[in-house]
Structures are given as C-alpha cells and as structure tokens.
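This report concerns only the one structure given below.
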Amino acid sequence: MKFGREFKDQMVPEWIEAYMDYGELKHLLKGIDCTKKGDIENQESEIGKSQQKNWTKLSNRKLCVPADLGEAEKSIFEKLDNELERVNSFYKDKVEEAKGEAAELAKQMDALIALREKVKEKDTKDLPADKATTAASSKITSPSRALSEEKDNLDFTKEVDKFGENPIKPASSSSNNKDPSLDQHGRTPSDVLECVKIQNTSGTPKSSVERLLLGTTEKECSFSQDELKEVEEKLRKAFVEFYQKLCHLNQYSFMNLSAFSKILEKYEKITSRKVMRPYMKVVDNSYIGSSDEVSSLLKKVEATFVKHFSNSEQGDGIKLLRPKRKREKHSLRFRSGFFCGFSIALIIAVGLIIQTRKLLDKEEATLYLDSIFPLYSFYGYIILHMLFCAANIYLWRCYRINYAFILGFKPGTELDHREVFLLVSGLAVFVLTTCLVQLHIRMDSRIQDHETYVELVPLGLLIGLVLICLCPFNIIYRSSRFFLIRSLFRSICAPFYKVNMIDFFLSDQLASQTQAIRSFVYYICYYGWGKASTGRKMCHVSDVYIVFYYISAAIPYWIRFFQCMRRLVEEKKMQHGFNSFTYFSMLLSVVLQSTFRLRKKTTWKVWALASSFVAALANISWDIKMDWGLLQHKSRNFLLRDKLLLPHKTAYYIAMILEVLLRFVWLQVVLSFDMCPLRGKVITSTFASLEILRRGIWNFFRLENEHLNNVGEYRAFKSLPLPFVTYDEKVGKNE
C-alpha cells in the first residue's frame with residue numbers, strides 16, 4: 001500500500017485538518033522544474049561538501065534550508081515549516097489536555113481507593129464478632145497504609161521504568177519518622193472522602209426524579225457495595241476512553257513524522273539534494289519528535305488499570321484497554337450474495353403464484369390478500385429501511401464520517417454495510433419463504449385442511465424474530481442487538497432517561513415507520529379475534545382497533561417531543577424548545593388528520609390541512625437549517641455551508657428539493673387526490689416507502705453535519721462523566 005493511502009486511512013477522522021498536508025506537498029513537488037536535474041546531479045559532490053555552509057534561514061524562521069533554491073523549492077520548505085509548526089501546536093495542546101485529564105483521573109482514583117477501604121471497614125463491622133476478629137487479624141497493613149501503597153500507582157507525574165510495571169515505592173518508605181497510618185499526602189481515607197461527593201450521572205428514571213426533587217446531582221457517600229461497583233464501572237470506562245485518546249495521539253505523532261520523512265525522501269529523489277538528514281534533525285528536535293510524555297502516560301495508565309481494574313492480570317487488563325479490531329470475513333460476502341439471489345428468486349416465485357392462479361381476479365382471494373398484506377408489509381418496511389441504512393453506512397465509510405463514534409457504539413462492535421445487508425437479505429428470505437408457503441397452502445384446495453395452522457405462520461415468524469433479538473447467546477451480532485434494544489427502551493421511557501445521540505436518532509427512525517407500527521397493531525388485532533376471516537372483518541369494524549390504529553402513529557412524535565423537552569430543561573438551549581414545537585406540530589397534525597378520516601367533515605379537513613402545512617414547514621426548516629446545517633447565507637457555497645464532504649454541490653440542492661417534496665407528499669392523506677390506478681393499501685405503502693426514502697437521505701446529511709461539527713472542535717472522544725466531584729471543583733462552581 002502506498003504511504004499516501006495508508007496515511008489517509010490511519011487518520012483520526014475528527015483530526016483530519018490537524019494532520020500534515022501531505023497531498024498539497026506532493027502537489028508542490030510535482031511543480032518543481034526538473035530540467036536542471038542533470039546539472040544538480042553533476043554538482044552533487046560539491047553540494048555534499050559545502051552543504052552545512054549553504055544552509056540559511058528561510059522566511060525569518062528557525063528552520064534552515066539550502067541557500068541556492070529556486071522559488072518552487074522555497075515554497076516547499078515554507079510549506080514544510082508551516083506544517084511542522086501547525087502539527088507541533090496541535091500536538092502540544094492535546095498533550096497538555098491529556099495531562100490535565102490524567103491529573104483528574106489521579107484524584108478520582110484517590111477517592112476510589114479511599115472508598116474501597118471504607119467499604120471494607122463497614123463490611124468488617126457488619127460481620128459477626130468471631131469473623132470480624134479473623135478478618136482483622138488477617139490484615140497485614142492498616143487501611144490507611146493500604147491506601148498509601150495502592151496510590152503509588154496512581155501518580156501520573158511519576159515515571160514508570162518498564163512496560164506494565166510500577167517500581168514506585170510508598171512515600172512513607174522514604175522516611176522512618178512518618179506516621180504509617182497516613183497516606184503519602186498525610187491523609188486518611190476519611191480525610192479523602194470528606195473532600196468529595198458522588199456525582200449522580202446514571203441517567204436512570206430514579207436519578208432523574210431525584211434531580212427534579214432535590215435539584216442537585218451530588219450526594220454523600222453511602223459506603224455500600226452497589227455504590228462502589230457503580231463508581232468502579234464509571235472509572236473503568238473513563239480509563240479505557242483516556243487510553244484510546246493516548247493511543248490516537250501516539251499514532252498521530254508517528255504518522256506525521258513518517259509523512260515528513262516521506263516528503264523529504266521524495267524531494268531528494270527528484271532534486272538529488274541531500275536535505276533529508278539535516279531537516280529531519282530539526283523535526284526530531286521539535287516537540288512532536290522529542291516529547292515522550294504520551295508514551296509515559298500510556299505505560300502509567302496500563303500499570304494502574306492492570307492493578308486496580310483487572311485483578312493484577314496484565315494480559316486481561318491490556319485486552320480491556322485495547323478493543324479488538326474487526327476483521328472482514330470472506331464468508332460474509334458469500335452469504336450475502338446467496339441470500340440476495342435467493343430473495344430475488346422468491347420474489348419471482350410469489351409473483352408467479354399470484355399470476356398463474358389469478359388470485360387478483362377472484363374476489364375471495366383478493367379479500368384474503370388484503371387481510372394478510374399488513375402482516376407482511378410490516379417486514380417490508382423494516383427491510384426497506386435497513387437497506388437504506390446499509391447504503392448510509394457505505395456512504396459514511398466512503399467519506400470517513402465516524403458514525404460509530406457519533407452514535408455511541410463500543411469500538412469494534414459497530415456493523416458495517418456488508419453485515420447490515422446480510423441481515424436484510426436473510427430476513428427477506430425468511431419473510432418471502434413464509435409468504436410463499438402460506439399462499440401455496442391457502443390457495444390449494446387439496447391441502448386446505450391445514451388452513452388453521454397456516455394462519456399461524458406469520459405469527460410464528462414474528463415470535464421467532466423477537467426471540468432472536470432477545471437471545472442472550474453470542475450469536476447474530478449480540479452486542480448490536482442489545483445496543484438497539486437498550487436504545488429503544490430508553491427512547492420509549494423518555495423523558496426519564498438522559499437523551500443521547502443514538503436515542504433521538506433512533507426515535508427519528510421510528511417517526512418514519514408509523515405505517516410499520518400500525519401494521520404491528522394489525523398483528524395484535526388479527527390474532528386477537530379468532531380466525532383470519534373474522535379477524536379481517538373485526539379489525540375494520542372494531543372501535544378499539546381504529547383508536548389504536550390512529551394513536552400508534554402519534555407515538556414516535558410524542559417520544560421526540562419529550563426528548564426535546566428533557567434536553568431543553570438540562571441544556572437550557574432554546575433551539576431544543578423550537579425542535580419540540582416541530583414535533584408537537586406533527587403530533588397535532590396526526591391527531592387532526594385521524595379525526596378528519598373518522599368524521600369526514602369539512603371543518604376537520606380544514607384544520608387537518610392547516611396543521612399539516614404548518615408542521616411540514618416547521619420540519620423542513622429545522623431539517624435543512626439545523627439538522628443539515630445548510631442555508632447559510634454567508635457561506636462561500638451558495639445556500640449551503642462552508643465545509644462539504646460530497647464532491648458535487650448538486651447533491652445538496654437535490655437533497656433539499658426532495659426534502660420539501662417528500663415532506664408534502666403525505667398531505668395526500670388529507671387531500672385525497674385521485675391517483676388511479678393506485679388504490680387502497682398500494683397508495684399507503686407507496687407513501688410509507690417514500691417517507692423511508694426521505695429518512696434515508698436525512699440520515700446521511702444529519703450525520704455529515706454532526707461529523708463536521710466534531711471536526712471543527714477536534715472532538716474525537718466521548719466526554720464521560722466521572723463519579724466523584726472534588727472539593728476544589730465544588731468551590732469553583734460556587735464562586
């Protein structure tokens with residue numbers, strides 16, 4: 001692999017603009033006038049002898065270059081100077097930021113170790129007298145001495161001489177007169193815990209209610225085992241995230257140094273000037289080339305994590321810190337292709353059975369097809385949505401949009417487009433096979449004795465899929481399944497959970513699946529009132545079904561409204577208030593549309609049209625302006641934004657036009673246009689599919705805008721809440 005390709009692949013997506021501009025330097029190299037190359041080669045020996053004498057300062061900078069350069073070559077070294085200065089500045093800022101985080105983690109570990117000792121003391125007191133005596137006699141050191149010994153691994157300002165080892169001696173060992181009951185800072189565990197409080201950041205319904213009633217997120221330590229486990233889990237995640245940041249900084253330094261070396265090597269090859277060694281000395285003496293602070297921090301984090309979070313098992317601790325990288329399996333493509341081809345064959349088979357048996361010409365068969373259509377359209381909407389998700393992931397990966405970080409996937413567990421397509425094609429095979437079997441048996445008069453069992457086939461398919469989703473075994477992408485279930489549960493329980501990116505992103509997907517939700521309601525009705533024919537009739541005459549049919553469409557907008565209100569209360573940003581209005585307007589329009597379809601009166605039609613028009617305008621303006629970040633009047637790209645990832649601006653204009661058109665398409669439900677030859681469920685399915693298409697377009701540009709916002713702030717890592725609030729922090733807040 002060429003270095004340019006490798007350099008691009010190894011970049012942290014959010015830090016792309018902070019890397020050395022390797023492509024521009026290569027372009028400048030091509031502009032060098034090589035007609036004098038032969039003369040330079042003849043003078044190579046003379047240049048080598050007087051090389052040190054001919055070096056001079058360029059552009060009043062400290063970096064030195066040969067004095068006899070042409071303008072094209074001077075521009076290269078000016079660019080090199082600027083890039084080295086820029087890379088150094090960014091790297092130094094990030095290292096200082098990492099050192100500050102390391103100091104904060106050290107304070108957190110002080111409190112954790114003190115909490116561990118207090119919990120041990122409490123548990124010992126709660127034991128019976130004989131067991132307490134045995135436990136006390138088994139202790140070699142006092143709790144405070146243990147605190148001092150454990151903390152030796154936590155001082156990130158000290159040195160670790162060897163990977164995975166910590167030769168630091170307890171501070172008390174340096175002086176024989178020091179009280180052994182005190183730690184290296186002269187404090188007992190009680191002294192440490194007096195300066196901290198537990199930060200309640202769990203985001204559970206219980207914590208939300210407590211914050212609402214008490215008005216604070218802090219609480220005193222209770223010294224319970226559950227509290228200790230919660231604190232340890234939060235700190236463990238914080239250490240893993242911090243370690244990943246240090247690894248990325250280490251990789252950033254290595255790749256940029258390699259880029260300087262490669263560019264100078266190419267320059268030497270073109271011009272035959274021996275400049276690489278003296279210039280690389282300057283690079284190596286710079287901050288990014290000479291600083292070893294990141295490597296030192298990496299070793300200290302490893303040593304601390306191994307001792308305190310992995311039972312001193314070095315191998316296990318390092319595995320937890322370094323998540324596994326996903327490896328592409330060749331069998332994945334084979335299975336995807338097999339299922340895709342099988343699905344196409346099944347679609348043809350279903351079409352042939354309908355055509356050859358002329359089911360559309362028989363009234364009884366047509367009524368039966370209408371009754372089972374929602375049962376299978378439920379899967380059709382999901383399959384279509386997943387196909388667009390696979391396309392979204394493919395485009396995000398092509399344009400290096402870090403969707404895994406934005407949506408909060410654990411590194412190495414996110415699905416790529418091939419895996420999503422495998423799931424889609426596999427689901428399609430099962431659904432189409434079920435449909436084909438049911439049609440064949442139901443329409444064959446010779447085997448209609450099994451009709452009762454055949455009607456249960458779609459229900460069996462649904463139950464099977466639910467069981468697969470809930471399967472606790474590590475098969476069929478368990479981490480992704482559980483991640484989706486947790487996010488769905490958090491969305492349904494809004495506003496009792498803190499709203500993350502994945503929560504409202506998933507809720508927006510549900511908002512485009514209202515017809516699938518209604519099909520699920522039809523499932524309940526179909527199998528809740530007996531036989532198929534009876535179920536078909538009762539589903540359309542039952543008041544209960546009709547009420548739930550219309551209410552179900554409002555559920556996603558209700559969820560998003562509460563999520564926006566939760567964010568408005570927490571973040572105090574009025575933009576969330578306007579966003580809540582957009583979803584409330586959609587909620588109101590759905591209610592008025594449903595009322596109009598039930599009452600069929602002109603007054604309700606006017607109200608439905610007015611509310612739908614307002615909701616469409618509000619959502620269009622929010623989607624394009626806020627979610628996509630477009631329509632910026634001062635942008636250098638007309639009505640777009642300054643930074644664009646797609647190479648063709650036309651794509652953005654087309655996307656905005658489609659957003660407007662597809663937002664107004666569903667007004668046909670109210671206006672009831674004559675769309676012959678489309679009738680009944682075909683119209684509903686067509687508009688539902690168009691809404692899924694609109695959501696697929698929205699998904700790409702929404703994450704593109706989020707990614708660019710992260711790039712603008714060089715935000716490549718999650719900001720995890722730490723469990724403890726120290727006394728100094730609280731004083732700062734009060735002041």
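Please verify whether segment 254-269 includes one or more residues that are at negative phi, surrounded by fewer than 16 Cβ atoms within 10 Å (Cβ to Cβ), part of a helix (DSSP H, G or I) and within 24 Å of the chain's Cα centre (by Cα).
For segment 254-269, residues at negative phi, surrounded by fewer than 16 Cβ atoms within 10 Å (Cβ to Cβ), part of a helix (DSSP H, G or I) and within 24 Å of the chain's Cα centre (by Cα): absent.
Of the residues Glu364, Glu293, which single one is surrounded by 15 or more Cβ atoms within 10 Å (Cβ to Cβ) and of a type in the set (D, E, K, R)?
Unique residue meeting the criteria: Glu293.
Looking at (1) crowded, with 18+ Cβ neighbours inside 10 Å; (2) under 21 Å from Gln575 (Cα atoms); (3) of a type in the set (Ser, Thr, Tyr), which one does Ser612 not meet, given that it meets all the others?
Only one criterion is unmet by Ser612, namely (2).
Out of (1) more than 25 Å from Gln513 (Cβ to Cβ); (2) at pLDDT 85 or above; (3) polar (S, T, N, Q), what's the single condition that is false for Ser589?
The single condition Ser589 does not satisfy is (1).
For segment 6-25, enumerate the residues that are loosely packed, with under 15 Cβ neighbours inside 10 Å and over 18 Å from Cys247 (Cα atoms).
Across segment 6-25, the qualifying residues are Glu17, Gly23, Glu24.
Can we say Leu488 is closer than 19 Å to Lys718 by Cβ, hydrophobic (A, V, I, L, M, F, W, C) and at pLDDT 90 or above?
Taking the combined requirement at face value, the residue does not satisfy it.
When Phe223 is evaluated against the numbered criteria (1) modelled with pLDDT under 85; (2) surrounded by 19 or more Cβ atoms within 10 Å (Cβ to Cβ); (3) not small (Gly, Ala, Ser), which criterion, by number, is the only one it fails?
(2)
Identify the residue in segment 280-312 that is in a loop (DSSP other than H, G, I, E, B) and closer than 16 Å to Met255 by Cβ and, among all such residues, is nearest to the chain's Cα centre (by Cα).
Let us first name the residues in segment 280-312 that are in a loop (DSSP other than H, G, I, E, B), namely 286, 291-292, 310-312.
Still in the running and closer than 16 Å to Met255 by Cβ: 286, 291.
Values: Ser286: 35, Ser291: 32 Å.
Among residues in segment 280-312 that are in a loop (DSSP other than H, G, I, E, B) and closer than 16 Å to Met255 by Cβ, the one nearest to the chain's Cα centre (by Cα) is Ser291.
When Thr133 is evaluated against the numbered criteria (1) in a loop (DSSP other than H, G, I, E, B); (2) at pLDDT below 65, which criterion, by number, is the only one it fails?
(1)
Within segment 581-606, can you find the residues that are of a type in the set (Ser, Thr, Tyr) and either under 27 Å from Asp508 (Cα atoms) or not in a helix (DSSP H, G or I) (or both)? First the steps, then the outcome.
Step one: filter segment 581-606 for residues of a type in the set (Ser, Thr, Tyr), giving 582-583, 585, 589, 594-595, 602-603.
If the condition is that a residue be of a type in the set (Ser, Thr, Tyr) and either under 27 Å from Asp508 (Cα atoms) or not in a helix (DSSP H, G or I) (or both), then Thr582, Tyr583, Ser585, Ser589, Ser594, Thr595 are the ones that fit.
Restricting attention to segment 384-409, which residues are more than 16 Å from the chain's Cα centre (by Cα) and aliphatic (A, V, I, L, M)?
So the first thing to find is which residues in segment 384-409 are more than 16 Å from the chain's Cα centre (by Cα), and the list is 384-388, 391, 398.
Within segment 384-409, Leu384, Met386, Leu387, Ala391 qualify.
I need the full set of residues from segment 636-658 which are under 22 Å from Gly712 (Cα atoms) and either over 28 Å from the mean Cα position of the chain (by Cα) or not in a loop (DSSP other than H, G, I, E, B) (or both), in order please.
Scanning segment 636-658 gives Arg636, Asn637, Phe638, Leu639, Tyr652.
Kindly indicate whether Glu570 is outside any loop (DSSP other than H, G, I, E, B), touching a residue at least 24 places away in the same chain (Cβ under 8 Å) and farther than 27 Å from Tyr394 by Cβ.
Values: outside any loop (DSSP other than H, G, I, E, B): yes; touching a residue at least 24 places away in the same chain (Cβ under 8 Å): yes; farther than 27 Å from Tyr394 by Cβ: yes.
Yes.
Within segment 441-462, is even one residue modelled with pLDDT of 90 or more and of a type in the set (A, V, I, L, M, F, W, C)?
Yes - at least one qualifying residue is present in segment 441-462.
Quick check: is even one residue across segment 615-625 at pLDDT 90 or above, charged (D, E, K, R) and within 23 Å of Ala516 (Cβ to Cβ)?
Scanning segment 615-625 turns up at least one residue that is at pLDDT 90 or above, charged (D, E, K, R) and within 23 Å of Ala516 (Cβ to Cβ).
Out of Leu367, Leu439, report the one residue that is over 29 Å from Ser507 (Cα atoms) and out of contact with any helix residue (DSSP H, G or I) (no Cβ under 6 Å at 6 or more places or on another chain).
Numbers: Leu439 fails: out of contact with any helix residue (DSSP H, G or I) (no Cβ under 6 Å at 6 or more places or on another chain).
Exactly one of Leu367, Leu439 is over 29 Å from Ser507 (Cα atoms) and out of contact with any helix residue (DSSP H, G or I) (no Cβ under 6 Å at 6 or more places or on another chain), namely Leu367.
Only residues that are more than 21 Å from Met626 (Cα to Cα) and hydrophobic (A, V, I, L, M, F, W, C): list them for segment 708-724, please.
Just the residues of segment 708-724 that are more than 21 Å from Met626 (Cα to Cα), to begin with: 716-724.
Correct list: Ala716, Phe717, Leu720, Leu722, Phe724.
Right, Pro458: closer than 24 Å to Asn619 by Cβ, surrounded by 13 or more Cβ atoms within 10 Å (Cβ to Cβ), out of contact with any strand residue (DSSP E or B) (no Cβ under 7 Å at 6 or more places or on another chain) and touching a residue at least 12 places away in the same chain (Cβ under 8 Å) or not?
On the way: closer than 24 Å to Asn619 by Cβ: no; surrounded by 13 or more Cβ atoms within 10 Å (Cβ to Cβ): yes; out of contact with any strand residue (DSSP E or B) (no Cβ under 7 Å at 6 or more places or on another chain): yes; touching a residue at least 12 places away in the same chain (Cβ under 8 Å): yes.
No: the conditions fail for Pro458.
Give me the pairs: first residue in segment 96-114 and closer than 19 Å to Asn250 by Cβ and without any contact (Cβ under 8 Å) to a residue 40 or more places away in the chain, second residue surrounded by fewer than 22 Cβ atoms within 10 Å (Cβ to Cβ) and of a type outside the set (A, V, I, L, M), beta-carbon distance under 9 Å, and six or more apart or on different chains, which are they?
Qualifying pairs under 9 Å: Glu97/Lys245.
Quickly run through segment 346-359 and pick out the residues that are part of a helix (DSSP H, G or I) and either touching a residue at least 60 places away in the same chain (Cβ under 8 Å) or over 23 Å from Ala428 (Cα atoms) (or both).
Leu346, Ile347, Ala349, Val350, Ile353, Ile354, Leu359
Could you say whether any residue in segment 551-559 is touching a Cys at 6+ places or on another chain (Cβ under 8 Å) and surrounded by fewer than 19 Cβ atoms within 10 Å (Cβ to Cβ)?
Within segment 551-559, none of the residues are touching a Cys at 6+ places or on another chain (Cβ under 8 Å) and surrounded by fewer than 19 Cβ atoms within 10 Å (Cβ to Cβ).
Of all residues in segment 678-720, which are in a helix (DSSP H, G or I), over 26 Å from Asp642 (Cα atoms) and of a type outside the set (A, V, I, L, M, F, W, C)?
Gly680, Lys681, Thr684, Ser685, Thr686, Ser689, Glu691
The values are calculated or read from the model by the stated rules, or taken from the named source; none is laboratory data. Note that the coordinates shown come from a computational prediction; the quantities given were computed from them, not determined experimentally. Note that each Cβ is placed from the backbone with ideal geometry, even for glycine, and that neighbours are counted across all protein chains shown.
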